Structures are given as structure tokens and as C-alpha cells.
Amino acid sequence: MSTTKKNLLLLYDHPKESILSTRGPENVQFDVPNSYLNDEYKNISVQIANKFGEDASEKVTVNEISLPPFGEILSFPRDENFSLFIPRHRRLAGKLIDIFLGMRDVDELLSVAVFAREHVNPLLFNYAFSVALLHRPDTQDLDVPSVIQSFPDKYVDSKVFGRAREIATTIPETSRVPIEVPKDYTASDLEIEHRLAYFREDIGVNLHHWHWHLVYPIEGPLQIVDKNRRGELFYYMHQQIIARYNFERFCNQMKRVERFLDFDEPIKEAYFPKLDSLVASRNWPARVANQRLQNLRREVDQIYLDIDEMKRWRDRIFDAIHSGVVKGENRNDIILTENEGIDILGNLLESTILSVNRAYYGDLHNMGHTIVSYIHDPDARHLESFGVIGDSTTSMRDPWFYCWHAYMDDIFQNFKSTLPRYTVEQLDYPGITVESVQVETEGSPDNVFETFWQQSDVDLSRGMDFQPRGAILVRFTHLQHTNFSYKITVNNQTTENREGTCRIFLAPKYDERGNPWLFRDQKTMFIELDKFKVTLWKGSNTIFRRSIESSVTIPFEKTFRNVDAGRPAGGNALDQFNFCGCGWPQHMLLPKGSISPFECQLFVMISDYAGDKIEQSIEGQCNDAGSYCGIKDKLYPDRRSMGYPFDRQPRNGVDTLQQFLTPNMRVQDVSIRFSNRTEPPKARN
Ligand code: CUO
């Protein structure tokens, strides 16, 4: 990889500092054209460069090019908070992405990015630059740093930063010990919703959500927004988040999350994030319980939104679902078909620039995030910014996120209920029988999953500005499980070898009253654990699959990594490391379970590969976590509707999971046993 290319990644470090300061472990200094600097620095650039240059090991010359017009991008203040859910912000981001994508080569990109780095709001820069690096053909071999590296303040208790500054200035790097962040710092047990804080505030869960929205932008050049089945994936990925959240709630003796329903009712859920924004130099606003929505009149954000308008959008969307027809921009009818309808609906509800008629169906999902994020200051009279629910990098921390997305999911499920039921022929794989399913966890009885707490360290130093260099570690405590594997025996009674897709899901065995489920309720509780292709030889087959291979997750090291330490030098190991960052964190693959083992049902299905298959080569692509993230720049790797076979109402006569089964499916009772112990950090390799 060229040095220029690697230097692009240094622009992520110390986001508020001028580009003249040194950065990276090698203390690289950029030699920047004077015309690129802020007026304040132009006359003293030599002194500043010399001041930092004493420690610099390498100088990188940035070419002066004729810059494209930045226009209103520069009018967005550098110390404002930034959110993709706010139309003006996402419009500016779209323009900046366009500029970055338009640069002819990496040298030009570096040049324009250095200028932007110096003049553009750091959060806006970070988002647009990350989207550009993920999508430019010449930067595919770069590993976009996770957002926690640049903005740890979005993930770490604000109390930590005072201590971090003290350590950075007084304690030599070799003598530093990690700062421990307590597991429970945002609320007490008096707040019942706090039982779920370990899930909502998990770093990996939030980074997954941030990364998903980077890969699937709402706005920007069409070639990066218009991805294969992106509207459907918006539905499915968020549906799975709700299923996982509900599963965790059951494990904590709580009932399913109550979907948001009434725009006029007070919002019960409170949230006090205890985060400071280092960019805005303000704390993130909190929301007390029982606030009511109010119309937004925020000139500063150019948002004028009436609650009645949101109700009209909702009613039109329901009208479209019930009539099966969406009105296009020219009042033309667009049929919501069995297979593609969900994709149209996903883009329309979210909504993205792919919405078939944004003027009519509006911006329901994004504005839900926004209106609640400003509930404390709807007309900006207090000059306050938005709460964590208003930013895709932090929104999963807020309990109300799940109320809103349960509502979004309910709308999608409403549509799914109108679709034809799967027939036995669409589910069965004649001649293929799943004979047994077993979970093996080392040191445990068969069919028992094991969970516990684990500590892991993250380095904050690159996201901290105006202080001496050197790693500053914080130590988090998060959920973890013992690695396990599935052993599945399958009989192929046909006369030839066959191919299939093995689909593995997990759901609670009982509902919140302790009663067995009706299929129509249980089907939305299934969380996907894995999906992979299998070859079935004639006769008996035994399939082994390890939990770390899951098609849902990215490896543990991707979430808790130090980009420099432990990074392989090259070859296959580097390829493995360079998977894209989108994916559910491996440490959250399983729900927490409970001390007296939590009873679940593991569902395994082998579907006929002829109906699943997508013709494409995914060699060398990020394909680590295709189930929730797709495969970058490729078709979604499964032709069936996302969520198959649980995405439809069951055929007539099927009331229970047992009745739903065809011979190529099997259900195994399993349990998740939680041990309330805390393991020390895994040794870094
Ligand atoms: Cu991911 Cu609402 O879309 O947060």
C-alpha cells in the first residue's frame, strides 16, 4: 500500500487539532500549503510547524490543488453536533461525499481531505470521509478506523476524560494502568430499564449500528446509496435488533418492549446519557420521563415539523400497505410486490433518496429520531442541541430507540402479513432430513450455552486533543460467551449429492407469561445466529460449525482492537483482519441468559440452494457479516426474502413451531446459563 494512502488514515486522529500537529505512532507531520490553513494560523504556520516538528519522524508534503467549491459545507460551524437524521446535515454530508468521491487519485484525495480537515466540522468530516473511503475503488484496502477512535466521548462516561487528561500529562506511558469504566454508570436499579444498559450501551453494538449507516447512507451520490435490497436490509437489520433486545428483556424478567404508538401520549422512557461531546464542548442533553412531543420550530437546523405532518405520513404509509400500492411522484401506481415490495417500503419509511415519493410519504423514521432528540428544546430557545437518540452513532443507548424501532417493525410486519404464506413446497427440501442438532460448549453439558462478563481495553488517546501523546486505555466490562459449535446430522435420501443453506435461529421457548408460543408471535422473536452453505453427500452427513464463524458477527478483535498493535504484517492474516467493520459484535452473539438456565429453542433449517443461490464472486470482499450487513458492493448473498422462513404469517393450520416444521427443519431445546463472574481482558496477540 502506498504511503500516501496510509496517511489518509492519520486524518482521523485528534479531530479538533489543526493538521499542523503531529499524528500517529510515528509522529508524522503534514507539510500543508499555507492557503489551506485557517486565517488564525496562516501567519504563524512556520512557528506552529516547528513547535510540533521537533518530534516529527516523517514529513508528508500535501500538494496544492485547485479546490472544488465547498459552499455551504463551510458555513456549518466546527463546534456543532452533527446528525444524519437532520435533513440539512445529511445534505451537507452528501455534498462532501461527492467532493471526496470526485477526486481523481489518492494524492488529490489527500489534498482536498487535508483542506476539509482544517475547515469542516470534525463530525461531518469524519462521516463523509469514512463513506468515501469505504466506497472509492482505490481505497478498498484501507481499514476505516472505528468512530470510537476519533470520538471516544460518544461511548465513554464523561467522568473518564478528566482522569485521562491527568494521566496523559503526568504519568509516563510505561507506568499507566487502564481506567476502569464501571458497568453501571448511567442509572441505578430503581430504573427498571437500566437492566438492559449492558446491551444498549455496549460499544460493539453501537459501533455496528454506526457502521451499518455508513455502508447504507440515506443521502449522497446515487451510486453509493442505491445498493442491492438496501430498503429491505433496513427493515431486516433493525427487526433483528428488536428481536435481540426483546430476547435480552426476557432474560432479565421483562416483557417485550412497548412499541411507540401514540404521538400525543407522554414518553415514559427517560435517559441520562452522561456523555460530553468533545466537539461541541457540551454535554449530551438528557430526557426526563413523561415528556410530550411538540412541533419543531428550529431555525438553526432549518427544521419545521408538525406532529400532524408525521401522522399524515403514517396514515399514507398504512394506506399504501393496505391497498398494496404506493403512489409515485407522478401519482403513478407502484405495486408492492411479494418480493420487492419490502424494499420499496423500507426506503420509503426510513426514508432515503430512493423513496419513491418523499414529498408524499415524508421522512417518518428519521424525523421520529429527530423530534424526540429535540424534545427538551423544540424551538431552540435554550440553544440546546439534540439528545443521543438523534445520532446514529449513539441512538441505541436510549431505551426509546427500541420503542420507535418496534413501531417501525410493526409497520413492516403489517405489510409482511399481507403477503402470501409460504407453502410446504417453498419450505421443504424433498429428500433432505435434519436428524439431530446439538450444541457443544467446552466444559459444559450438551445444548447449554455459557455467558459471563468480560473486561476489554480500548485506547482513547487518538480521539483526545490538545494533550501529550501516548496510549490511554479504558477498561470496559461487557457480556461474553464461551465459544461453542453446532453439530448437525442430516440425511440425504436423494440419489445425488445436494447443496443447501443451513439457517440457524434462536428464540425464547416461552412467552413472558411462561406459556408456549403461538407461531405467529414466536416468529418475530427468532434471532439469526448463522447462515452458511453446505454440501450434502448421499446418505448421512455430519455438519460442524463454530460460533466464531457466524455470518452475523465480526470477530471480537475488530471491536476491541488497537489498530497498530496486533495488526498482521500482510498475507492471509492481514486479509482476515481487513474485513469491513460492519457486523454484530461476536461477544453479543448470544443473549445473556440467566443464572437458572434460560430455556430457548434452537431452530435449524437446510433450504434448497437452488432457491437461495446468487451468482457472483465474493472473493476478497468484506463478507464477514453478510446476514445483517450484506456484502459490500455486491448482491445480498441470499435470494430468499430476508428473515426467511420467519418473515411471513404461517400457512393455514399452523399454530405452533412444531406444526410449522418440514423434514428439513429441526428444533432443539437449549439453554443459556449465565455466570455472574468477570473475566480479565483477553491477552492481545
Ligand atoms: Cu438505525 Cu433508526 O435507523 O437508527
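The values are calculated or read from the model by the stated rules, or taken from the named source; none is laboratory data. Since we're looking at a predicted model, the values are computed, not measured. When we count neighbours, we look across all protein chains shown, and the Cβ atoms used for this are built from the backbone with ideal geometry, even at glycine. Quick note on the areas: whole protein, heavy atoms, side chains included, nothing else; ligands and nucleic acids left out. Shrake-Rupley method; radii C 1.70, N 1.55, O 1.52, S 1.80 Å.
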| said: Suppose a student asked you for the relative contact order of the chain, using Cα pairs under 8 Å spaced at least 6 residues apart; what percent would you report? | reply: 15
| request: Express the relative contact order of the stretch 192-416 as a whole percentage, based on alpha carbon pairs under 8 Å and six or more residues apart in sequence. | output: 28
| Using Cα pairs under 8 angstrom and six or more residues apart, how large is the relative contact order of the stretch 3-139, in percent? | 29
| How large is the dipole of the stretch 424-679 about the Cα centre if only Lys and Arg carry +1 and Asp and Glu carry -1, each at its Cβ, rounded to the nearest 20 debye? | 200
| How large is ³J(HN,Hα), in whole Hz, for each residue of the stretch 452-468 in order, when computed from phi with the Karplus curve 6.51 cos²θ - 1.76 cosθ + 1.60 and θ = phi - 60°, using x for Gly and Pro? | 6, 8, 9, 9, 9, 10, 10, 8, 8, 4, 6, x, 9, 9, 6, 7, x
| task | Mind running the shape call on the stretch 579-671? Use the C-alpha gyration tensor, a ≥ b ≥ c as the square roots of the eigenvalues: rounded below 1.5 for a/c, prolate if a/b tops b/c, oblate otherwise. | result | oblate
| message | I'd like the distance separating the alpha-carbon centroids of the stretch 432-463 and the stretch 242-308, in whole Å. | response | 32
| note | Shape descriptors of the stretch 415-531 over alpha-carbon atoms, Rg and Dmax in angstrom, are 22.3, 71
| query | What number, rounded to the nearest 500 deg cm²/dmol, is the helix-based mean residue ellipticity at 222 nm of the chain, given -39500 (n - 2.57) per DSSP H run of at least four residues and division by all its residues? | reply | -8500 deg cm²/dmol
| query | Whole-Hz Karplus ³J(HN,Hα) for the stretch 217-226, in order, using 6.51 cos²θ - 1.76 cosθ + 1.60 and θ = phi - 60°, x for Gly and Pro? | reply | x, 7, 9, x, x, 4, 5, 9, 8, 7
| said: To the nearest 20 Debye, how big is the dipole of the stretch 132-231 about its Cα centre, given +1 on the beta carbon of each Lys and Arg and -1 on that of each Asp and Glu? | reply: 160
| request: Once you have the Cα-Cα distance between Arg165 and Glu265, take 0.36 nm times their residue separation minus that, and quote the gain in nm to one decimal. | output: 31.6 nm
| request: Would you list which aspartates and glutamates come within 19 Å of Lys183, measuring only between C-alpha atoms, while excluding same-chain residues fewer than 8 positions from it? | output: Asp153, Asp157, Glu191, Glu193, Glu201, Asp202, Glu248, Asp276, Asp398, Asp457, Asp459, Glu679
| request: Please label the shape of the chain as rounded, prolate or oblate, based on the square roots a ≥ b ≥ c of the eigenvalues of the alpha-carbon gyration tensor (a/c under 1.5 means rounded; beyond that, a/b larger than b/c means prolate, else oblate). | output: prolate
| note | On the accessible surface of the chain, probed at 1.4 Å with all protein chains in place, carbon and sulfur together account for a percent value of 47
| task | Quick one: angle between helix 122-135 and the longest Cα principal axis of the chain, in degrees between 0 and 90, rounded to 10, please. | result | 60
| message | Rounding to the nearest 10 and keeping the result within 0 to 90°, find how far the Cα-based axis of helix 364-373 lies from the longest principal axis of the chain. | response | 60
| query | Which cross-chain or sequence-distant (5 or more) residues have an amide H under 5 Å from the amide H of Glu679, H modelled 1.01 Å from N in plane? | reply | Trp453, Gln454, Gln455
| message | Within the stretch 108-136, name every residue whose backbone N is under 16 Å away from a label modeled 7 Å from Cα of Leu74 along the Cβ vector. | response | 112-122, 125
| Within a Cβ distance under 14 Å of Met396, other residues only, what is the Lys/Arg minus Asp/Glu net charge? | -3
| field | Amide hydrogen neighbours beyond the local backbone of Thr61, cut-off 5 Å, H modeled | value | Asp31
| request: Based on the mean of other Cβ atoms within 10 Å per residue, sort peptides 234-240, 407-413, 360-366, 333-339 so the most packed one is first. | output: 234-240, 360-366, 407-413, 333-339
| message | Starting from the Kirkwood Rh over alpha-carbon pairs, what translational D in µm² s⁻¹ does the stretch 192-416 have by Stokes-Einstein at 37 °C and 0.692 mPa s? | response | 180
| task | May I ask you to compute the full-extension gain from His376 to Asn228, defined as 0.36 nm times their residue separation minus their alpha-carbon distance, rounded to one decimal in nm? | result | 49.5 nm
| note | For Leu529, other-chain or 5+-apart residues with amide H closer than 5 Å (H placed, Pro excluded) are Ile504, Phe505, Leu506
| Expressed as a whole number of Å, what is the distance separating the alpha-carbon centroids of the stretch 1-80 and the stretch 190-213? | 34
| query | What whole-number value in Å² describes the accessible area per residue of the stretch 424-679 for a 1.4 Å probe? | reply | 40
| message | Over the stretch 213-305, with the other protein chains present, what is the accessible area per residue in square angstrom, probe 1.4 angstrom? | response | 41
| task | Indicate the gyration tensor shape class of the stretch 94-139 (rounded, prolate or oblate), computed on the Cα atoms with a ≥ b ≥ c the square roots of the eigenvalues: a/c under 1.5 is rounded; otherwise a/b larger than b/c is prolate and the rest oblate. | result | oblate
| query | What list of ³J(HN,Hα) couplings, whole Hz, do you get for the stretch 199-204 from phi and the Karplus terms 6.51, -1.76, 1.60, once you set θ to phi - 60° and write x for glycine and proline? | reply | 8, 5, 9, 4, 5, x
| Picking from Thr501, Val46, Ile353, whose Cα lies most toward the positive end of the charge dipole for the chain (charges on Cβ: Lys, Arg +1; Asp, Glu -1)? | Thr501
| field | For the stretch 119-135 versus the stretch 311-327, the gap between their alpha-carbon centres in whole angstrom | value | 35
| task | Could you point to the residue in Pro468, Gly231, Thr451 farthest towards the positive end of the chain's charge dipole, with +1 and -1 charges on the Cβ of Lys/Arg and Asp/Glu respectively? | result | Thr451
| task | For the stretch 3-139, report the accessible area per residue in Å² (1.4 Å probe, heavy atoms, rounded to an integer). | result | 39
| Hey, which of these cross-link pairs are over 18 Å Cα-Cα: Lys6/Lys634; Lys533/Lys613; Lys154/Lys274; Lys255/Lys416? | Lys6/Lys634; Lys255/Lys416
| message | Heavy atoms only, 1.4 Å probe, whole protein assembly: order Asp669, Asp398 by accessible area, highest first. | response | Asp669, Asp398
| query | Accessible surface of Arg249 in the full protein assembly, 1.4 angstrom probe, to the nearest 10 Å²? | reply | 20
| field | Set of aspartates and glutamates with alpha-carbon distance to Lys42 below 17 Å, sequence-local pairs under 8 removed | value | Glu17, Asp31, Glu64, Glu118
